[in-house]
Amino acid sequence: MRVGILVGSLSQQAYTLKIAQYLAQQSTQMQYFNLDYSQLPLYNPDLDLTARPVAWTAWRKVVAALDGLIIVMPEYNLSIPGGLKNALDILSVPMPDLPAQGKPVLVISASSGSRGGMLANAHLHQVLENMGLVVLPGYVTIGNVMEIFDENQLVDTYTKQVLATQLASLQSQIYERQILQAQTQAFQEQFALSEHRLTLLEQGRAIAYADLRHLTGGLAIDHLAVQPDRRGKGVAQRVMHLLMAIARNAGYQVYPYCSYAQAFLAQHVEYQTLVAADAKSIK
């Protein structure tokens, strides 16, 4: 799970940077990338048509490759810091290929005052929602931010609990989006499904299959095989994504007795809620 972090302040002493650094150390399920937008040229729509800066193209490609975003910012003059707003403006075009559209985003604001940058937080929600991002609900604001740190270490227990809850929510949103994307792609496959076998087809030819058993409220995956000339090309993964989409739509729990299915599900943690809790107890 690749998550980009944008820090609203460019200062190396900023508390928002310290919060971002703390977040990047918390979840083992997410790989964090610090997104540096400080050198991006100011957005000018004319340049998108005539002489688009290379930095804009690179910026859009980087964000397009991410699964989600975290924005941690101070409040500047009751609103969004200018550099951050410019970076977002660049992402809001060109249409229709919006690089950030549909991505889950966690917004956190902080200030030395008691309101924690609430006005900037609310303003940023509006901007992001207009861009088509999925903003986590609620307003995460950290007031009196200098009091939650001991030197560079976040020490406030309540703030830690709030941030942990928010990271879990972001992770859940990313999982949901990944599953929906995989499901949409999976159901574009050609396949044949019988009571005991799922067969993946290409141009009418069977290229892989999975042997199945129907259990009470569940689906056991006993064996998965790929034709020799199609091995090493991601075909087995396609079968598993299709199986997960079918199981999810049918409300089944999955019993992965096939060694490949076990390895696939260990890697694709977004499907963990589909794995039966008692999978190891049934042979």
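The values are calculated or read from the model by the stated rules, or taken from the named source; none is laboratory data. Being a predicted model, the structure only gives us computed values, none of them experimental. All Cβ positions, even for glycine, are placed from backbone atoms using ideal geometry, and neighbour counts span all protein chains on display. Heads up: the accessible areas ignore ligands, DNA and RNA and are worked out on the full protein's heavy atoms, side chains in. Shrake-Rupley method; radii C 1.70, N 1.55, O 1.52, S 1.80 Å.
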>> Residues to consider are Gly102, Gly68; find the one that is touching a Pro at 6+ places or on another chain (Cβ under 7 Å), among the small types (Gly, Ala, Ser) and within 26 Å of Gln181 (Cα to Cα).
In response: Gly68
> Does at least one position in the range 19-41 carry a residue that is in a helix (DSSP H, G or I), modelled with pLDDT of 90 or more and among the charged types (D, E, K, R)?
Replying inline: no
> Which pairs have Cβ atoms under 9 Å, sit 6 or more apart or on different chains, and link a residue in the range 160-171 that is farther than 15 Å from Gly138 by Cα and modelled with pLDDT of 95 or more to one that is open to solvent by 50 Å² or more (accessible area, probe 1.4 Å) and not aliphatic (A, V, I, L, M)?
Replying inline: Lys160/Gln26
>> Return the pair list, or none, for Cβ contacts closer than 8 Å from residues in the range 12-27 that are among the charged types (D, E, K, R) to residues that are modelled with pLDDT under 95 and open to solvent by 40 Å² or more (accessible area, probe 1.4 Å), at least 6 apart or on different chains.
In response: Lys18/Asn152
> Condition test on Phe191, is it in contact (Cβ under 8 Å) with a residue 24 or more places away in the chain, more than 27 Å from the chain's Cα centre (by Cα) and open to solvent by less than 40 Å² (accessible area, probe 1.4 Å)?
Replying inline: no
>> Please verify whether Leu242 is more than 28 Å from Leu69 (Cα to Cα) and either open to solvent by less than 40 Å² (accessible area, probe 1.4 Å) or touching a strand residue (DSSP E or B) at 6+ places or on another chain (Cβ under 9 Å) (or both), treating the condition exactly as stated.
In response: no
> So how many residues does the range 124-154 have that are open to solvent by 20 Å² or more (accessible area, probe 1.4 Å) and in a loop (DSSP other than H, G, I, E, B)?
Replying inline: 9
>> Let me spell it out: the conditions are (1) outside any loop (DSSP other than H, G, I, E, B); (2) more than 25 Å from the chain's Cα centre (by Cα), and Gly232 meets all of them except one. Which number is the exception?
In response: (1)
>> For the range 220-235, give me each residue that is open to solvent by less than 60 Å² (accessible area, probe 1.4 Å) and touching a Lys or Arg at 6+ places or on another chain (Cβ under 9 Å).
In response: Ala220, Ile221, Asp222, Val226
>> Looking for something open to solvent by 50 Å² or more (accessible area, probe 1.4 Å) and on the phi > 0 side of the Ramachandran plot - is there at least one such residue anywhere in the range 59-75?
In response: no
> Quick one: what pairs do we get from the range 103-123, first residue modelled with pLDDT of 95 or more and assigned to a strand (DSSP E or B), second buried (at least 24 other Cβ atoms within 10 Å of the Cβ) and of a type in the set (Ser, Thr, Tyr), C-beta under 7 Å, 6+ apart or different chains?
Replying inline: Ala110/Thr16
> When residues of the range 253-275 are filtered for being in contact with a Phe, Trp or Tyr (Cβ under 7 Å, 6 or more places away or on another chain) and open to solvent by 10 Å² or more (accessible area, probe 1.4 Å), how many remain?
Replying inline: 1
> Conditions: (1) modelled with pLDDT of 95 or more; (2) crowded, with 16+ Cβ neighbours inside 10 Å. Thr157 meets all but one. Number of the miss?
Replying inline: (2)
>> If I ask for residues that are within 15 Å of Ala236 (Cα to Cα) and out of contact with any Lys or Arg (no Cβ under 9 Å at 6 or more places or on another chain), which ones from the range 193-219 would you list?
In response: Arg197, Leu198, Thr199, Leu201, Ala206
